[in-house]
1. Can you name the residue in segment 110-141 that is aliphatic (A, V, I, L, M) and open to solvent by 20 Å² or more (accessible area, probe 1.4 Å) and, of all such residues, is nearest to T200 (Cα to Cα)?
2. I'd like the full set of residues that are aliphatic (A, V, I, L, M) and farther than 28 Å from T59 by Cα, limited to segment 94-108.
3. In segment 3-59, what residues are hydroxyl-bearing (S, T, Y) and either modelled with pLDDT under 95 or touching a Pro at 6+ places or on another chain (Cβ under 8 Å) (or both)?
4. Pull up segment 142-166, narrow it to residues that are of a type in the set (D, E) and under 18 Å from V36 (Cα atoms), then point me to the one that is least open to solvent (accessible area, probe 1.4 Å).
5. Which one is surrounded by the fewest Cβ atoms within 10 Å (Cβ to Cβ), of the residues in segment 89-109 that are modelled with pLDDT of 95 or more and not in a loop (DSSP other than H, G, I, E, B)?
6. Quick one: S162 ticks every box in (1) polar (S, T, N, Q); (2) modelled with pLDDT of 95 or more; (3) within 23 Å of N210 (Cβ to Cβ) bar one, so which box is it?
7. Hey, which of the strands (runs of 3 or more DSSP E) in segment 1-72, taking only ones fully inside, have at least 3 residues that are surrounded by fewer than 18 Cβ atoms within 10 Å (Cβ to Cβ)?
Amino acid sequence: MKLQVVTVASDLAHPGLQRLKASAEAGNWPLHVIPVKWEGWGTKMIAVAEWAKTADVDTIFYTDAYDTFFVRPYYRFMFHAMFNVSKETKEGYYGLISGEKNCWPDASLAKMYPSREWNTRWCYVNAGQWLIGKNLFLQMLEENPIRVTDDDQLWLTHRYLSGAYNLRIDMQCNVFQSVAFEEAGEFGDMPEKVFFNEITWRRPFVLHGNGRTDLSKFEKYSL
């Protein structure tokens, strides 16, 4: 699996981006920063698509730039992927999307989500982190063009709800963890300050603050 971690940033000196880069370097994550002129939320998808057209990769691991950081090393992720990523994923026909607690920006779409087989709190699409095969991602953009003024999360939500692209939400937080709207007892420390989801019993690889979350209490987990 030729995987590349990518993010987009209009402010290359932003402290959040520097934190993400430091954690990626410490964990040997192959991070590529795409400089952009910010014109709206759709900027992210468009910039990644333009980069992907000529990139020698088959899988894109996207994460937002200013409110994310890695908490586990890349080699652990590849070990995890070896046993947990399907053949379809490796060939670019599958996508894993980060889950969050809120159905945003259109709460009325919550009723359209499929029923869940087990109890989870992180069950709605979060466009701030995703893992999608390059061919599938470009196909989605070609069949459903996005404008810079469009909301990227709403766009991705509709792609997921359509059922046309074999997209799944990381409801157990195996890879991605949104820490927004934290409730008591959800997150805890394992030995040596290792981040642990007490609800799903998982150790995700990258944390996301959803923009407005105070991440200071979680920075101790950063690589």
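The values are calculated or read from the model by the stated rules, or taken from the named source; none is laboratory data. Please read these numbers as outputs of a predicted model, since none were measured by experiment. Please note: Cβ atoms are built from the backbone with ideal geometry, for glycine as well, and neighbour counts cover all protein chains shown. The area values use the complete protein model at the heavy-atom level, side chains included, leaving out ligands, DNA and RNA. Shrake-Rupley method; radii C 1.70, N 1.55, O 1.52, S 1.80 Å.
1. Residues of segment 110-141 that are aliphatic (A, V, I, L, M), as a first pass: 110, 112, 125, 127, 131-132, 136, 138, 140-141.
Of the ones still in play, those that are also open to solvent by 20 Å² or more (accessible area, probe 1.4 Å) are 110, 112, 138, 141.
Values: A110: 21, M112: 24, L138: 32, L141: 32 Å.
Among residues in segment 110-141 that are aliphatic (A, V, I, L, M) and open to solvent by 20 Å² or more (accessible area, probe 1.4 Å), the one nearest to T200 (Cα to Cα) is A110.
2. Residue satisfying the conditions is A107 alone.
3. Scanning segment 3-59 gives S10, T59.
4. So, considering only residues that are of a type in the set (D, E) and under 18 Å from V36 (Cα atoms), the one least open to solvent (accessible area, probe 1.4 Å) is D152.
5. S108
6. (3)
7. Answer list for segment 1-72: 31-35.
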